[in-house]
Amino acid sequence: MCGIVAVSGVPGAAQQVFLGLYSLQHRGQEAAGIVAVGVDGSARVHKAAGLVSEAFEAEDIARLPGNTAIGHIRYSTAGGAGLHNAQPILVRYAEGELALAHNGNLTNAQDLRTRLVEEGALFQSSIDSEVIVHLIARSRRAGVEAQIDDALSQLEGAYSLLITVGDTLYAARDPFGFRPLVLGRLGDATVVASEPCALDIIKASYIRDIEPGEVLRIRGGQVEKLRPLPPAGAPRPCVFELVYFARPDSHLWGQSVDRARRAFGRRLAVEQPADADLVISVPDSANSAALGYAEASGLPFELGLIRNHYIGRTFIEPSQAGRDFKVRMKYNTVREVLDGRRVVVVDDSLVRGTTSRGLVSMLRDAGAREIHFRLASPPVRFPCFYGIDLPTREELIAADMSTEEIREYLHVDSLGYLSLEGMLESVAASGTFCHACFSGEYTAPLVDIERGYPAHVGCG
């Protein structure tokens with residue numbers, strides 16, 4: 001998963017984008033970058049590895065003047081790690097300097113890349129996002145907007161995009177609307193971001209979601225709609241955003257993320273009750289679900305696990321190496337809460353199972369008498385090809401193991417998942433969702449997979 005932010009129509013736009021990226025840090029921790037465009041159309045870029053706080057110093061922001069800026073944070077997924085794969089991408093082409101930031105994953109990127117290379121294109125990175133740049137630059141249509149339209153019409157999969165050509169900003173979302181993208185206002189300036197929490201930090205007001213298939217032109221803070229992309233049927237925003245990825249203080253698709261997770265927890269308590277003394281969460285992404293479980297079950301909610309917030313999320317670390325050690329670095333137990341007690345542990349999801357197994361061992365060491373593990377989502381059995389770094393099917397613990405086998409692997413007294421039906425009914429008011437990682441029902445065509453290219457998952 002990646003995070004993107006843009007600001008148009010205010011001096012020092014890069015400073016506002018920098019703050020917005022801070023609020024989206026949960027969406028990626030490997031690299032961060034900003035491109036700022038001056039009133040003369042010239043662009044400057046700064047990219048660096050690490051967290052936003054590590055990637056930028058005050059002097060870096062000062063060297064990014066201009067009224068328009070876009071920013072990106074990522075973790076290594078499609079294309080792998082390395083600063084050469086960091087975004088935004090900045091190139092010069094016939095119509096001026098072009099910058100691009102992408103959240104999502106193209107399911108026909110390898111097919112397009114092969115064709116472009118055969119036509120003579122030279123790639124500087126291994127990320128799918130660079131394909132979009134080449135499609136724009138090599139389009140035979142007349143004018144920037146026609147070239148962008150030509151490029152977007154060739155894409156399959158998930159993409160929320162920010163593009164600048166000169167000081168004009170373009171924002172687009174794929175026809176299925178897999179990844180979130182919202183529009184905000186800051187005085188006379190326009191803000192676009194992956195989540196509303198990026199608006200809050202700069203005191204911008206939320207205007208609306210950018211719709212699936214919508215393409216916007218923004219210049220000097222003024223917003224105009226361009227020709228939309230061909231519709232793809234009912235929108236399919238990613239339900240895993242509500243389960244895990246989005247910040248609980250965000251609103252996505254008319255739905256409070258916190259309230260969605262509480263609803264998951266309440267339904268989980270009905271479907272998977274436990275004879276226990278208390279409920280704890282695996283902080284922080286499961287806090288809301290655990291509160292919902294406690295509310296519905298009548299069990300007290302306690303703080304049995306404490307998270308060290310200065311350690312990166314284990315789920316989005318680019319390598320499995322060192323993951324078990326990071327569990328111990330990241331969490332500690334509260335023995336006074338756990339000792340001799342029967343504990344319901346609520347987590348948002350179970351992917352590989354390595355983190356959960358380490359946590360269970362820690363809870364046992366702290367004296368927990370019984371551990372009843374509850375997941376506020378269904379079993380993750382399939383990889384995501386639409387922008388979330390869920391691993392290959394071979395690495396997914398639920399792909400080939402039964403619930404009982406997973407229970408034995410985790411060394412818990414009982415294990416229960418929220419049903420797919422229960423999850424979707426909990427957020428039915430927000431419409432239909434993509435749930436391919438749970439069900440294997442892929443909506444957008446998996447062109448590269450069908451043509452025998454190696455699978456690429458994740459963002460950018």
*Is it true that some residue in the stretch 233-251 is surrounded by fewer than 22 Cβ atoms within 10 Å (Cβ to Cβ), in contact with a helix residue (DSSP H, G or I) (Cβ under 9 Å, 6 or more places away or on another chain), among the hydrophobic types (A, V, I, L, M, F, W, C) and touching a residue at least 12 places away in the same chain (Cβ under 8 Å)?*
no
D149 vs (1) in contact with a helix residue (DSSP H, G or I) (Cβ under 7 Å, 6 or more places away or on another chain); (2) surrounded by fewer than 21 Cβ atoms within 10 Å (Cβ to Cβ); (3) under 25 Å from E97 (Cβ atoms): all pass except (1)
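Among residues belonging to the stretch 419-459 that are in contact with a Gly (Cβ under 7 Å, 6 or more places away or on another chain) and closer than 15 Å to N105 by Cβ, point out the one that is modelled with the highest pLDDT. Can you show your working first?
Our first condition is that a residue be in contact with a Gly (Cβ under 7 Å, 6 or more places away or on another chain); within the stretch 419-459, this holds for 430, 444, 458-459.
Filter once more, so that each one left must be closer than 15 Å to N105 by Cβ: 444, 458-459.
Working: A444: 95, G458: 56, C459: 65.
The extreme case among them is A444.
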The one condition D40 fails out of (1) in a helix (DSSP H, G or I); (2) at pLDDT below 95 is (1)
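Take the residues in the stretch 202-222 that are of a type in the set (A, V, I, L, M) and either farther than 20 Å from A36 by Cβ or not assigned by TED's automatic domain parsing to the domain that holds L152 (or both), then tell me which one is surrounded by the most Cβ atoms within 10 Å (Cβ to Cβ). Steps first, please.
If we filter the stretch 202-222 for residues that are of a type in the set (A, V, I, L, M), which is where we start, we get 202, 204, 207, 210, 215-216, 218.
Those left that are additionally either farther than 20 Å from A36 by Cβ or not assigned by TED's automatic domain parsing to the domain that holds L152 (or both): 207, 210, 215.
Details: I207: 15, I210: 20, V215: 22.
Within the stretch 202-222, the match that is surrounded by the most Cβ atoms within 10 Å (Cβ to Cβ) is V215.
In this structure, is R227 basic (K, R), touching a Cys at 6+ places or on another chain (Cβ under 8 Å) and either touching a residue at least 40 places away in the same chain (Cβ under 8 Å) or closer than 25 Å to F385 by Cβ (or both)? Before the answer, list the steps.
Working: basic (K, R): yes; touching a Cys at 6+ places or on another chain (Cβ under 8 Å): no; either touching a residue at least 40 places away in the same chain (Cβ under 8 Å) or closer than 25 Å to F385 by Cβ (or both): yes.
Criteria not met by R227.
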If you go through V192, V144, the only one that is more than 24 Å from D448 (Cα to Cα), under 22 Å from the mean Cα position of the chain (by Cα) and touching a residue at least 24 places away in the same chain (Cβ under 8 Å) is V192
With the first residue restricted to the stretch 369-398 and required to be without any contact (Cβ under 8 Å) to a residue 40 or more places away in the chain, and the second required to be outside any loop (DSSP other than H, G, I, E, B), Cβ contacts under 9 Å at 6 or more apart or on different chains are R369/L338; R369/R342; R369/V343; R393/A399; R393/D400; E394/D400
Selection from the stretch 11-37 of residues under 12 Å from Q87 (Cα atoms) and assigned to a strand (DSSP E or B) yields A31, A32, G33, I34, V35
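The values are calculated or read from the model by the stated rules, or taken from the named source; none is laboratory data. Keep in mind it's a predicted model, so treat the numbers as computed, not measured. Positions of Cβ are backbone-derived with ideal geometry, glycine not excepted, and every protein chain shown enters the neighbour counts.
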